[in-house]
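Shown next, in structure tokens, is the structure this report addresses.
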Amino acid sequence: AQTVTQSQPEMSVQEAETVTLSCTYDTSESDYYLFWYKQPPSRQMILVIRQEAYKQQNATENRFSVNFQKAAKSFSLKISDSQLGDAAMYFCAYAMNYGGSQGNLIFGKGTKLSVKP
Amino acid sequence: DAGVTQSPTHLIKTRGQQVTLRCSPKSGHDTVSWYQQALGQGPQFIFQYYEEEERQRGNFPDRFSGHQFPNYSSELNVNALLLGDSALYLCASSFTQGGRGNYGYTFGSGTRLTVV
């Protein structure tokens with residue numbers, strides 16, 4: 001069974017600084033997707049960034065980038081120039097590709113990020 | 001472009017009762033998934049509906065059932081409520097016919113269910 005592990009329950013960063021959130025996963029599949037979701041107190045899960053396993057290039061979205069190490073099954077999220085609005089729970093998630101259809105998301109337990117002004 | 005809409009936002013039920021939660025997917029999406037998020041935990045997959053049929057199911061008892069309507073909206077039903085069913089229930093929609101380029105789920109803000 002696939003699993004996702006986030007080993008940092010809480011992280012803190014100074015405004016304008018850079019922080020990296022860690023995620024490891026376990027799967028025997030070769031075709032899958034990895035995601036980082038942000039969940040603020042409003043409860044809605046917001047997609048931060050997506051990585052396709054068959055693409056070696058690391059995904060980037062403005063201040064957010066990932067370090068995808070497929071062999072090590074590691075998928076970390078780097079937030080540059082941290083802003084107060086980045087404070088939230090961050091979840092790493094995995095989804096397998098079922099012959100053209102995306103499988104269900106498997107989430108880690110989350111990392112609570114605090115941003116200090 | 002409307003996002004995912006869930007109703008109600010909060011609900012309090014008594015143990016043993018039945019509850020129905022509703023979800024309208026994002027415009028253009030054809031697939032609806034339901035997740036249960038206990039306090040302090042990551043969401044757990046309940047099931048997914050596509051073309052009005054349950055396509056995938058997580059490790060949840062038969063007390064949890066669902067339905068998808070022709071307009072792609074969906075309901076989650078939970079029978080014989082237990083105290084342990086208290087959680088945030090999230091609905092997520094996606095576009096199966098969109099192929100690889102459209103992989104990703106859009107989530108609603110959830111329904112907070114409290115069982116007393």
With no solvent and one equal point scatterer per Cα, compute the Debye intensity ratio I(q)/I(0) for chain A at 0.09, 0.14, 0.20 Å⁻¹ and report its log10, rounded to two decimals.
-0.22, -0.54, -1.07
Within the range B:5-115, what whole-number % of the accessible surface is contributed by carbon and sulfur, with the 1.4 Å probe and all protein chains included in the calculation?
47
Using protein chains only (no ligands, no nucleic acids) and a 1.4 Å probe, work out which residues of the range B:7-45 have their accessible area cut by at least 30 Å² relative to the chain alone.
B:Y35, B:Q37, B:Q41, B:G42, B:P43, B:F45
Assuming R0 = 35 Å, what is the FRET efficiency of A:E61 and B:A38, from their Cβ-Cβ distance, to the nearest 0.05?
0.75
Heavy-atom accessible surface, probe 1.4 Å, ligands and DNA/RNA ignored: which residues of the range A:63-102 lose at least 50 Å² versus the isolated chain?
A:Q102
Within the range A:35-60, list the residues whose amide N lies under 18 Å from a label point set 7 Å along Cα→Cβ of B:S27.
none
Hits in the range A:80-117: amide N under 15 Å from the 7 Å Cα→Cβ extension of A:I46, namely A:80, A:82-91, A:113-115
In terms of modelled amide H atoms, which long-range or inter-chain residues lie less than 5 Å from the amide H of A:Y98?
A:G103
Can you tell me which lysines have their Cα less than 21 Å from the Cα of A:K55? Leave out same-chain residues fewer than eight positions away.
A:K70, A:K73, A:K78
Any idea what % of Cα-Cα pairs in the protein assembly as shown are farther than 26 Å?
37
Students sometimes get this wrong: rank B:F95, B:F45 by accessible area, probe 1.4 Å, all chains present, largest first.
B:F95, B:F45
Rg and Dmax in Å for the range B:5-115, alpha carbons only: what are they?
13.4, 44
When the accessible area of chain A is split by element with a 1.4 Å probe, what percent falls to carbon and sulfur?
46
For B:F60 and A:S74, FRET efficiency with R0 = 30 Å and r from the beta-carbon atoms, rounded to 0.05?
0.50
Accessible surface buried once A binds B (1.4 Å probe; total of both sides; Å²)
2200
On full extension of the chain, what length is gained from A:S30 through A:K109, given 0.36 nm per residue of separation minus the C-alpha to C-alpha distance?
26.1 nm
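The values are calculated or read from the model by the stated rules, or taken from the named source; none is laboratory data. Keep in mind that what you see is a predicted model, and the values were worked out from it rather than measured. Quick reminder, even Gly has a Cβ in these numbers, built from the backbone with ideal geometry, and neighbours come from all protein chains shown. Ligands, DNA and RNA are stripped out before the accessible areas are found, and what is left, the full protein with its side chains, is counted by its heavy atoms. Shrake-Rupley method; radii C 1.70, N 1.55, O 1.52, S 1.80 Å.
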